[in-house]
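Below is one structure, written out as structure tokens; comments come after it.
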Amino acid sequence: MLLLLLVPLAFVKANFPHSRAGIAPLSGPRTEPAVTDQPAYWYEALPNGTVKLNVNNTTSYEVVGDLIRERLPDHAYGEILTEFAIPSGSTYSYIDDHVLPGETYFYVFEYRIEGVYGWVINFDTVTVQSVIPALGNFYLIAASSDDEYDILQDGKTIVIENTNIRAEANADLTGSVIFYLNGKRFKDNTAPFALFPETKGDFKKGRLTNGSYHLMAIAYPEKNGKGIPGDTLTVNFTVENMYEDAKVSLFPNPVEGRSVLDIAGSSNSPVTVHIIPHSGSAKKMIWQGVLNDAGTAQIPIETQGLRKGIYILSITVGDQVINKRFVVQ
């Protein structure tokens, strides 16, 4: 579908929210070729699971614009894929490899012709095809609710605690996805394919500590990374969680009479401490509170009334559970 706009640029930009910002209205004549002489463009759904945009600028002017992609049916995750400036008589192509076979995508191909006061906006849908195990995007999953909340793009910073990461794949052709996180290998043999595998739709909590990461995923036709590999997907990102992993220490240990449990974590995190006999019998809560503004707490551990033997301190800090073994003498 073609929409030709020969109206003030400010109107176009105000009413097309995904358009590229920061372009001043053009000076120069409003030439007739903007109406009758347009570049040819077309899309190809390639067999490797990508979409290719082709543009042939047959006009006598430079063509400047951008390509936007949204996912149907809800037009989610709209993003500018590329910006272009195509000289007269030249061709241009762009391959979108962050799409999933079998899905239909909505593309917006918008441009202006040099010397013309206005934009031409084209809307098209493309259904992706593939004959190989293919990957689309990495998605961020809030493991506490199993909700997908964003695309993981290159350079992104993750700030939500316990985030898991899913690789979008064509499950009919993909038998497994092998992940490499900073070189460490993970695998998932069942869709949806996640860095920390899910069980019956229940995504595990991610335990990514603060720092920089390189993630690579490779799709395979068989379980356990067997067969001829298909798509490879990579991304670089950082983690800056609001909540740090808690650290605990107990001194002295073994304990005779009294010891002190030191906890360090995120400020104001809720904490509960239980004592569990090594036999696994009923646990007893001995402390409940919050970490101070510095993210620490010192908790006395009294062994009066406890028989000699091995015990477990079960310490819950936020939603993290840490078990600490100690001996009563």
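The values are calculated or read from the model by the stated rules, or taken from the named source; none is laboratory data. Computed from a predicted model, the values in this text were never measured in an experiment. Heads up, the Cβs are rebuilt from the backbone with ideal geometry, glycines too, and the neighbour counts pull from every protein chain shown.
Taking into account only those residues within region 234-251 that are over 19 Å from the mean Cα position of the chain (by Cα) and at pLDDT below 90, which is surrounded by the most Cβ atoms within 10 Å (Cβ to Cβ)?
The residue in question is Ala246.
Could you count how many residues in region 125-159 are touching a residue at least 24 places away in the same chain (Cβ under 8 Å), under 16 Å from Glu79 (Cβ atoms) and not aliphatic (A, V, I, L, M)?
Adding up the residues that qualify gives 8.
Among the residues of region 303-321, write down those that are modelled with pLDDT of 85 or more, under 22 Å from Ala246 (Cβ atoms) and in contact with a Ser or Thr (Cβ under 9 Å, 6 or more places away or on another chain).
Across region 303-321, the qualifying residues are Tyr311, Ser314, Ile315, Thr316, Val317.
Name the residue that is nearest to Ser130 (Cα to Cα), counting only residues in region 171-197 that are surrounded by 20 or more Cβ atoms within 10 Å (Cβ to Cβ) and among the polar types (S, T, N, Q).
Thr174
Which ones in region 269-282 are surrounded by 13 or more Cβ atoms within 10 Å (Cβ to Cβ) and within 41 Å of the chain's Cα centre (by Cα)? Write out each step before concluding.
To start, the set of residues in region 269-282 that are surrounded by 13 or more Cβ atoms within 10 Å (Cβ to Cβ) comprises 269, 271-277.
Those that are surrounded by 13 or more Cβ atoms within 10 Å (Cβ to Cβ) and within 41 Å of the chain's Cα centre (by Cα): Ser269, Val271, Thr272, Val273, His274, Ile275, Ile276.
Tally up the residues in region 208-233 that are surrounded by fewer than 14 Cβ atoms within 10 Å (Cβ to Cβ), under 23 Å from Gln153 (Cα atoms) and touching a residue at least 40 places away in the same chain (Cβ under 8 Å), please.
The total comes to 1.
Does Pro254 satisfy the condition of being within 30 Å of Thr50 (Cβ to Cβ), in contact with a Phe, Trp or Tyr (Cβ under 8 Å, 6 or more places away or on another chain) and surrounded by fewer than 17 Cβ atoms within 10 Å (Cβ to Cβ)?
It is false that Pro254 is within 30 Å of Thr50 (Cβ to Cβ), in contact with a Phe, Trp or Tyr (Cβ under 8 Å, 6 or more places away or on another chain) and surrounded by fewer than 17 Cβ atoms within 10 Å (Cβ to Cβ).
What residue, among those in region 62-79 that are within 30 Å of Asp37 (Cα to Cα) and not charged (D, E, K, R), is surrounded by the fewest Cβ atoms within 10 Å (Cβ to Cβ)? First the steps, then the outcome.
Start the filter on region 62-79 by keeping residues that are within 30 Å of Asp37 (Cα to Cα), which leaves 62-70, 78-79.
Right, trim to not charged (D, E, K, R) and you get 63-65, 67-68, 78.
On the way: Val63: 23, Val64: 18, Gly65: 25, Leu67: 22, Ile68: 21, Gly78: 13.
This residue is Gly78.
Whether any residue in region 221-231 is part of a strand (DSSP E or B) and either of a type outside the set (A, V, I, L, M, F, W, C) or touching a Leu at 6+ places or on another chain (Cβ under 8 Å) (or both) is what I want to check.
Filtering region 221-231 for residues part of a strand (DSSP E or B) gives none.
No: region 221-231 contains no residue that is part of a strand (DSSP E or B) and either of a type outside the set (A, V, I, L, M, F, W, C) or touching a Leu at 6+ places or on another chain (Cβ under 8 Å) (or both).
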